[in-house]
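Single-structure report; data block below.
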Amino acid sequence: MILIMEDIAYRLPFDRTKLKEIDTLESKEEIVEKCVYNILLCIGADPDRPGLAKTPNRVRRMYEEIYEGMNYTNEEIAEMNNTCFDVDTKDLVVVDNIPAFSTCEHHTATMTNLKISVGYIPNGKVIGLSKIARIADMVCKRLQLQERIGAEIADILQMIVDTDDIIVVIEGEHTCMTMRGIKKPGTVTRTATLRGIFNGDHDLRQEFYSLIQK
C-alpha cells in the first residue's frame, strides 16, 4: 500500500476574500465552524484543502465535548450528583488520584496529567464515591484556572454533603508554559483548597497528605 501525502503549501498569502461572514441569525454550531475556518485562514493555512476541509466541524464537536461543563452551573452539577448515604461517623473520607484534563482560560492551552485528590469530614452523610470523580470531571470541562478547579469542586461538594470540612489538592502540567512562552517541560503546578477544619488542623492535613502520597 502506498500512502500519498497531500502536497501542502505553507505561508500562503492572506486572502481576505475567502473569509466567511458571520450571520447573527445562524446557529451557534454554524458560527463556531465559520470562526474556526477563518482562524485557519488567518494563520496561513488553506481551510479548503482535503486535510482541513472537515476541521472546523471536528473542532466544533470537540468543543462541545471538552467544554461540556460550561453548560451547567455549580448548583446544577450538585443536583446531578446528589447521591448520598446517611452515616454516623466523622472519619476522614478520601478519594485520590482522579485523572483529568482541563483548558487554561488565558491561552486555551491544555492542562495535562491533572491528578485531583479530595477529602472531607462527613456531617451525617457521605456522597457516592463515583460522584466525586464526576464532579471533578465536569468542573474541569470549562475554561479554567487550576486554583478555581479546586475551589469549585469544594463548593459543589459542600452543597451536597453539607460540610465545611473539605480539602482538594491538585497537581498538573500546563502546556501554556511547557510548549510556549518559558517552555519548561516537566514543570508541575500544585494547588490546595482548604475549607473548614482543614484550614487550622495541621495533623488532619498531614493525615490527608499521607494517605494521598501512598
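The values are calculated or read from the model by the stated rules, or taken from the named source; none is laboratory data. These numbers come from a predicted model, not from an experiment. Cβ atoms come from the backbone with ideal geometry, glycine included; neighbour counts cover every protein chain shown.
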*When the stretch 186-209 is examined, which residues are found to be assigned to a loop (DSSP other than H, G, I, E, B) and without any contact (Cβ under 8 Å) to a residue 12 or more places away in the chain?*
Gly200, Asp201
*Out of (1) in contact with a Lys or Arg (Cβ under 8 Å, 6 or more places away or on another chain); (2) closer than 30 Å to Val169 by Cα, the odd one out for Tyr37 is which?*
(2)
*Residue that is nearest to the chain's Cα centre (by Cα), among those in the stretch 104-125 that are buried (at least 20 other Cβ atoms within 10 Å of the Cβ) and in a strand (DSSP E or B)*: Met111
_Every residue from the stretch 159-172 that is buried (at least 18 other Cβ atoms within 10 Å of the Cβ) and not hydrophobic (A, V, I, L, M, F, W, C)_ = Thr163, Asp165, Gly172
*Subset tally (residues that are under 17 Å from Ala100 (Cβ atoms) and surrounded by fewer than 15 Cβ atoms within 10 Å (Cβ to Cβ)) for the stretch 174-191*: 3
_Given the options Glu33, Glu26, Glu21, name the one that is surrounded by 14 or more Cβ atoms within 10 Å (Cβ to Cβ), acidic (Asp, Glu) and at negative phi._
Glu33
*asked:* Exactly one of these conditions fails for Pro99: (1) over 30 Å from Ile160 (Cα atoms); (2) in the same structural domain as Ala136 (by TED's automatic domain parsing). Give me its number.
replied: (1)
*Before we move on, is Glu171 assigned to a strand (DSSP E or B), on the phi < 0 side of the Ramachandran plot and not polar (S, T, N, Q)?*
yes
*Would you mention how many residues in the stretch 130-170 are among the hydrophobic types (A, V, I, L, M, F, W, C) and more than 24 Å from Asp201 (Cα to Cα)?*
8
*Which one of these is outside the structural domain of Met177 (by TED's automatic domain parsing), surrounded by 14 or more Cβ atoms within 10 Å (Cβ to Cβ) and among the hydrophobic types (A, V, I, L, M, F, W, C): Val94, Val59?*
Val59
_With the requirement that a residue be modelled with pLDDT of 90 or more, among the hydrophobic types (A, V, I, L, M, F, W, C) and under 16 Å from Ile39 (Cβ atoms), what does the stretch 1-25 give you?_
Leu19, Ile22
*Take the residues in the stretch 36-51 that are aliphatic (A, V, I, L, M) and farther than 28 Å from Asn71 by Cβ, then tell me which one is surrounded by the fewest Cβ atoms within 10 Å (Cβ to Cβ).*
Ile43
_Let me spell it out: the conditions are (1) more than 12 Å from the chain's Cα centre (by Cα); (2) in a helix (DSSP H, G or I), and Gly69 meets all of them except one. Which number is the exception?_
(1)
*Residues satisfying the stated conditions in the stretch 42-59, i.e. closer than 19 Å to Thr108 by Cα and either free of Cβ contacts under 8 Å to residues at least 12 places away in the same chain or hydrophobic (A, V, I, L, M, F, W, C) (or both)*: Cys42, Ile43, Arg58, Val59
_Every residue in the stretch 115-141 that is basic (Lys, Arg) and over 19 Å from Ala192 (Cα atoms), please._
Lys125, Lys131, Arg134, Lys141
